[in-house]
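**Student:** Handing you a structure now.
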Amino acid sequence: MTAATNVAEHSNPNGALPAWTGNVMLAYGPRKSGTTLLLSLLDGGNDLFAYPTEITSKRLIQADWSADAVMRYRALVRTNDLERAGVDMAAYHDLWDQVPPDDMTNDPASLIRSDVYNIARTVSPPPAPGMWCAKDAGGRAADNIALWRRLFDRPRFIFIVRDPAMVTRAVLMDRRRRGVKLTWRQIITQTVDPIRVIKAQAELLPDADAVFVVYEDLVTDTSGEMRKLAAFAGVPYGPHFEKPTAFGNPIIVKTSSRQVNKVFKDSAGRYSGLTLKEKLLVAATHIAVKFIPDYRLDYARLRRQIAARQS
């Protein structure tokens, strides 16, 4: 018996993990591009289970799974997000505590699947979906996608894109709300980063295992965009796809700039609310990257390509 099997069996008294825990769909995009909103819209039905926090690929890649793997994995889980979503944390921790401390595995897929199943078992009644979905944001897109393809048998991907300038504005406004003051170098990094991620996503336009969502379309035609995603996932469409939920319960998305339980369009401009320093740095960076091929992005053209691909 392998250590990976031990993890699965202790997490599930009936033995092997349910087949649906191996059938995964990942929502991915730049930070502040709408991944959290998208995950909350995918939640709520009986056919698709939404893992209620971010599985950070970068941290999975960097972790050493050769020893104390269960402890290392549990340290990566954002338990505050799980509690906010309504997970019975006492039951959740108890399920993990049933795994003997000397169990080790170099198979993070087993740990992820066990975690997803443990969370599902805290929900009443426990779901029995056909698949589950997770979210990740930022980092190195190519490495993240490659990781999920190594871990799971033909995972599917939802790539969400958003006007990079609006992503940068959202990041800067979020940091201000939290009292974080960014240096000029950090502002430039937050301006370049969404361009880099979206460029990497654009290279996967021909991928048959991926579907693209444009944030601007998602917030103006939520029903139309979510119908496309339901069709891509192969699950029935229902009104639950149009309101943010966690385990079917209405929520205010934690990254939302408004305290409302609905999808809304932010009518602010690219530089609205930014300081003069921020405006100058963001504008100058956008001009500069146009001369660097690896960072040159025509977002309007990309949107047209996505629309043509899905028509």
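**Student:** Checking P125 against (1) surrounded by 14 or more Cβ atoms within 10 Å (Cβ to Cβ); (2) closer than 30 Å to T222 by Cα; (3) out of contact with any Leu (no Cβ under 9 Å at 6 or more places or on another chain): exactly one of these is not met. Which one?
**Tutor:** All conditions are met except number (1).
**Student:** Let me ask something else. Given the conditions (1) among the small types (G, A, S); (2) within 30 Å of G273 (Cα to Cα); (3) in a strand (DSSP E or B), report the number of the one that A134 does not fulfil.
**Tutor:** (2) is the only condition that A134 fails.
**Student:** Another question, then. From the list D115, D153, exactly one residue is on the phi < 0 side of the Ramachandran plot, of a type in the set (D, E, K, R) and assigned to a loop (DSSP other than H, G, I, E, B). Which is it?
**Tutor:** Result: D153 is the single residue among D115, D153 that is on the phi < 0 side of the Ramachandran plot, of a type in the set (D, E, K, R) and assigned to a loop (DSSP other than H, G, I, E, B).
**Student:** For segment 183-198, how many residues are without any contact (Cβ under 8 Å) to a residue 60 or more places away in the chain and over 23 Å from L38 (Cβ atoms)?
**Tutor:** So the count comes out to 4.
**Student:** Those residues that are surrounded by fewer than 19 Cβ atoms within 10 Å (Cβ to Cβ) and either touching a residue at least 24 places away in the same chain (Cβ under 8 Å) or closer than 20 Å to R301 by Cβ (or both), I need them from segment 166-175; list them, please. Working first, answer last.
**Tutor:** In the first step, residues of segment 166-175 are kept if they are surrounded by fewer than 19 Cβ atoms within 10 Å (Cβ to Cβ); the result is 173-175.
Passing the criteria: M173, D174.
**Student:** If you check K262 against the conditions, is it closer than 23 Å to C133 by Cβ and basic (K, R)?
**Tutor:** Yes.
**Student:** Sticking with this structure for a sec: Out of segment 236-290, which residues are crowded, with 18+ Cβ neighbours inside 10 Å and farther than 30 Å from V192 by Cβ?
**Tutor:** Those that are crowded, with 18+ Cβ neighbours inside 10 Å and farther than 30 Å from V192 by Cβ: F241, T245, A246, F247, I251.
**Student:** Same structure, new question: For residues that are part of a helix (DSSP H, G or I) and among the basic types (K, R), scanning just segment 163-190, find the one that is nearest to S272 (Cα to Cα).
**Tutor:** R169
**Student:** Something else about it: If you take the residues in segment 78-94 that are surrounded by fewer than 17 Cβ atoms within 10 Å (Cβ to Cβ) and in contact with a helix residue (DSSP H, G or I) (Cβ under 8 Å, 6 or more places away or on another chain), which one is modelled with the highest pLDDT?
**Tutor:** The selected residue is M89.
**Student:** Given (1) assigned to a helix (DSSP H, G or I); (2) without any contact (Cβ under 8 Å) to a residue 60 or more places away in the chain, where does Q201 come up short, assuming only one miss?
**Tutor:** (2)
The values are calculated or read from the model by the stated rules, or taken from the named source; none is laboratory data. Being a predicted model, the structure only gives us computed values, none of them experimental. When we count neighbours, we look across all protein chains shown, and the Cβ atoms used for this are built from the backbone with ideal geometry, even at glycine.
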